Amino acid sequence: MAWREAAELLRRYSFGLALLLTLALLIVNLIRSPDFGWADQLASLAPLAIAAMASTPAVISGGGGFDLSVSPLMILTAGIYIVHLEPNGLGGAEAVPILLAVGAAVGLLNGVLINVLRVPPVVVTLSMFFILIGANLEVIPQPEQVDLTWMQYLSGWVGPIPGALLTIGFPLLVWAALGLVPYRRALYAVGSNDATAFSAGVSVGTVRALAYSLGGMFAAVGGIAVVAVTSTANASASQTYTLLAIAALALGGTSLWGGRGGLIGSALGAASLYLLGNLFVTLNVGPEWLQVIYGTMLLVAVVLVGGAARARPKVA
Amino acid sequence: MSAVLLRVDGLTKRFGATQALRDASFDLRAGELHALVGENGSGKSTLVKVLSGVQAPDRGSLELFGRPAPLPAGTKAAQKLGIVTVFQEVLVAEARSVLDNVWLGVDGLLRTRVPAKAKRELATAAFAQLLDRPPSLGTPVEELSLSDRQACCIVRALLREPRILIFDEATASLDVATRDRLFGVLRRASETGVGVVFITHRLDEIDELGDRITVMRAGETVKTLDRGAWTPPELIRLMSGSDRVTGQVRETAESGRARVGAPVLRTRGLRLAPGRAEVDAEIRSGELVGVAGLDGHGQYEFLEALRGGERAGGEVVRLDGDREIPIHSPRHAARHGVAYVPRERRTALFDWMSIRENFGMPTLSRDARFGWLRPGATRRRLSRYIRELGIVAADSDDRITTLSGGNQQKVVIARWLASDPRVLILNDPTRGVDIGTKRQLYALLVRLAEEGLAVVMLSTELDEHVELMDRVLVFREHELYRECHRAHVSRNALASAFFGHEDGDGLA
């Protein structure tokens, strides 16, 4: 019976597993290395956490929703900032709306193509993945370093708070704000059952397209987080977060079938993967084992969360 | 007479080879409860889909509140016009709360049209009308019973304050108590001037609720009758169109009646759904047995059980001379000569493969020598069936999808005939097949039966049962409701049995 109740809890709070994992790993990490630098650690976590959150709205929107183009889009926005904006005197706060607009536009293009062409989202966003990798090579022919800009504060301290909490916090804030207007409910409803949403008069296509656009905008924030922590733009890093982000969001309890999950889970999922990697480094375990553990964790998480979703009370 | 809310005229709609609507015309008055009845496939659901904006008609016009109006494009447009539909499928967003489900689609994406507090109050009030024990508004819908889920769909429709409310067999999923309360809700709604259209297969519902009734048959609205002007036999006659000429194939089929032989398949204590009466049926060699009933009344489950698939209880026994073999899986059934042709051709066909490969799939091992396949052997075996079944194909190496639907169906049948079955089970094999090919299939089935094969066929067309079958098993509410022998099979008798009407035989 305890198992049933656990399943029930996991279904209601889909990020529960990721939360427990994160807390457990955090404690182990803190024990192993007492000089755990919060600001540094959060800043190194930020790109993956944001990539996972950026991938989430598309998955929640259902219908096989997937966004593989998040990772290269992050690098593209980082490249635009370092190669074009900063050298041309647009490196200040004005860069933020520009980068967010670029991200949102690319995401919207994904969403519109999926609606118009009626091809599976994986195909559209995989195409976008390749196109953006090409674009990145064009924008950043060789790795570019940037001198000290304000962005580097985002990997240190901004007053009393770690700067990375601002980048990680931005998507969470937007997401929370969207909970105050009807859009987020519509998104979950579309992901849960698009036929129902359509029959109730919801504009399924618009809702889905906006989900991709939202993800694109979050990816731009991810680009800022990349600049903050590395101060570089490197086209060869385009694919870094693609698969890990999906692993993180699945670990965080977002259903790959749509309609369930959320951004907090994705951030926590990313945190568990990151902390596990950390731990392995301090334990001197080879990176090859890390990949095996990632794979196993992903499988277990999807089975557990998916199983909990199915273990609903029997319908009379 | 009250004002006319809605008038449709001359709606037509074609899906590929099927003319779903030929000429649908009817009007709905303010404050009336208007029943729409007809057999399966008579076009009721298509009519409803056109009115709710789900499908665009090929032709036809609409008048709303006395003025010509464009036909709604999309469910949203229909709802703007005041037309709200509760569909037969229980349409809920499973993972979302009851409250989210009933208000789904009312708000814009950024603008809240109904404040949260009003949402809760209105939803609570609507549920109180409909259910004795309303669910808590925060519960995920997936935790509700089927009936309560459908109640959510009904509440969703009521909350939109429709002027025209359409129920497409929406009572089928409701429990009895909710259904009764729904009728009360509908009566009250109609008193405020709402026009209600409801589709149902239950004559008692029509009698209880209907102010007027429109009968559809074969895509046409045949007649509209006022309350008191109909009797069940009259309705059944209108629905089945028994004044239509039938019986050309019948004579050809009449010839080999003496062919029925020993039993080959028997059900023992078979249950098609938990808690339903047991079905004891016997299938004999050389017999053509029809399986009939309204959609979703257990016919499909019966076929599944016969082919060794899932069942709620009891067993199916294959009789082979003195041997009795209880069938435990489709594979096992196939090994003992029970072949099954499924309803969806696409589940039976390998689209990207050739006609020959599609034909040979289950019997491939016969064409192998020392483990090597010989395509020529398959081709030779196939050519026999191409001839016998009249399959029209240019080259057996062409892709299966180059064939017409009827010919694809024949290839599937040929595939199973090649396994030398003793029982052939077909699930609605003539659906979407043109009339000429249908005739060929009928002739083929009669010939196969004459050769001693037992044929069990589910069909949604009454004429097929009348023309072809030695015996028709009519299912109702997951029980074997009536067994009609050839002499008593008529459109009227079958339709009466479908609707649970007792003295169908006397009507013909």
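So here's what we get for this one:
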{"item": "Where only alpha carbons of segment B:1-72 are counted, the Rg and the Dmax (Å)", "result": "12.3, 41"}
{"item": "Positive-end residue of A:176, A:44, A:255, charge dipole of the protein assembly as shown with Cβ unit charges", "result": "A:255"}
{"item": "Considering only chain B, percent of DSSP beta bridges that pair antiparallel, nearest 5", "result": "55 percent"}
{"item": "Rounded to 10°, Cα long-axis angle of helix B:405-417 versus longest principal axis of chain B", "result": "50 degrees"}
{"item": "Cα-based convex hull, chain A, per residue volume (Å³, whole number)", "result": "149 Å³"}
{"item": "Extreme residue, positive dipole direction of segment B:4-230, given options B:150, B:20, B:213 (C-beta unit charges)", "result": "B:20"}
{"item": "For A:174-181, mean number of other protein chain Cβ atoms within 10 Å", "result": "1"}
{"item": "Sites residue B:363 and residue A:292, calculated FRET efficiency, Cβ-Cβ separation with R0 41 Å, nearest 0.05", "result": "0.40"}
{"item": "Options A:71, A:264, A:61, ranked by Cα towards positive dipole end of segment A:37-267, top entry (Cβ charges)", "result": "A:61"}
{"item": "Phi to ³J(HN,Hα) by Karplus 6.51 cos²θ - 1.76 cosθ + 1.60 over segment B:168-182, Hz, x for Gly, Pro", "result": "9, 6, 6, 8, 4, 8, 8, 7, 4, 4, 5, 4, 4, 5, 4"}
{"item": "Simple spin-label estimate for residue B:139 and residue B:282 in nanometres, 7 Å along Cα-Cβ", "result": "4.8 nm"}
{"item": "Vicinal HN-Hα couplings computed from phi for segment A:82-96 (Karplus, 6.51 cos²θ - 1.76 cosθ + 1.60; Hz; Gly/Pro x)", "result": "6, 7, 10, 6, 4, x, 9, x, 10, x, x, 4, 5, 5, 4"}
{"item": "Qualifying aspartates and glutamates (Cα of each under 14 Å from Cα of residue B:13; at least 8 residues distant if same chain)", "result": "B:23, B:58, B:220"}
{"item": "Cα-only Debye scattering, the protein assembly as shown: base-10 log of I(q)/I(0) at q = 0.05, 0.06 Å⁻¹", "result": "-0.37, -0.52"}
{"item": "Order of A:118, B:22 - criterion: other Cβ atoms within 10 Å of each residue's Cβ, fewest first", "result": "A:118, B:22"}
{"item": "Theoretical ellipticity at 222 nm over the protein assembly as shown - DSSP helices of four or more residues, -39500 (n - 2.57) apiece, nearest 500", "result": "-14500 deg cm²/dmol"}
{"item": "Efficiency of FRET from Cβ geometry, residue A:6 and residue B:419, R₀ 51 Å, rounded to 0.05", "result": "0.55"}
{"item": "Inter-centroid distance (Cα atoms) of segment B:78-120 relative to segment B:390-404, Å", "result": "48 Å"}
{"item": "Normalised contact order of segment B:351-420, rounded percent, pairs of Cα under 8 Å and 6 or more residues apart", "result": "47 percent"}
{"item": "Residues whose placed amide H lies under 5 Å from that of residue A:254, excluding near-sequence neighbours", "result": "A:262"}
{"item": "All Cα pairs of chain B, percent lying beyond 37 Å", "result": "38 percent"}
{"item": "Taking N as its residue count, the alpha carbon Rg of segment B:267-332 over 2.2 N^0.38 Å", "result": "1.11"}
{"item": "Likely footprinting exposure, A:149, A:56, A:282, fewest C-beta neighbours within 10 Å first", "result": "A:282, A:149, A:56"}
{"item": "Cα-centred dipole magnitude for segment B:345-489, charges only on beta-carbon of K, R (+1) and D, E (-1), debye, nearest 20", "result": "620 debye"}
{"item": "The protein assembly as shown, dipole about Cα centre (Lys/Arg Cβ +1, Asp/Glu Cβ -1), debye to the nearest 20", "result": "700 debye"}
{"item": "Relative contact order of segment B:4-230, pairs being alpha-carbon contacts under 8 Å that are 6 or more residues apart, as %", "result": "31 percent"}
{"item": "Inter-site label distance for residue B:451 and residue B:175 at 7 Å from Cα along Cβ, in nm", "result": "5.3 nm"}
{"item": "Nearby lysines by direct alpha-carbon distance to residue B:76 (threshold 20 angstrom, same-chain neighbours under 8 apart not counted)", "result": "B:49, B:119"}
{"item": "Per-residue Cβ neighbour rank within 10 angstrom, fewest leading, A:50, B:327", "result": "B:327, A:50"}
{"item": "Column: log10 I(q)/I(0), Debye, Cα scatterers of segment B:4-230, q = 0.12, 0.18 Å⁻¹", "result": "-0.64, -1.38"}
{"item": "Pair residue B:89, residue B:388: separation of 7 Å Cα→Cβ label points (nm)", "result": "4.0 nm"}
{"item": "Phi to ³J(HN,Hα) by Karplus 6.51 cos²θ - 1.76 cosθ + 1.60 over segment B:20-30, Hz, x for Gly, Pro", "result": "6, 10, 9, 7, 9, 9, 6, 10, 10, 9, 4"}
{"item": "Whichever aspartates and glutamates have a C-alpha closer than 12 Å to that of residue B:410, once near sequence neighbours (fewer than 8 apart) are set aside", "result": "B:388"}
{"item": "Sequence-distant residues sharing a close amide H with residue B:482 (under 5 Å, placed H)", "result": "B:474"}
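Quick note: the coordinates plus some simple rules give every number you see, no bench work behind them. Quantities reported herein were computed from a predicted structural model and do not represent experimental measurements. With ideal geometry, Cβ positions are generated from the backbone for all residues, glycine too; neighbour counts draw on all protein chains shown.
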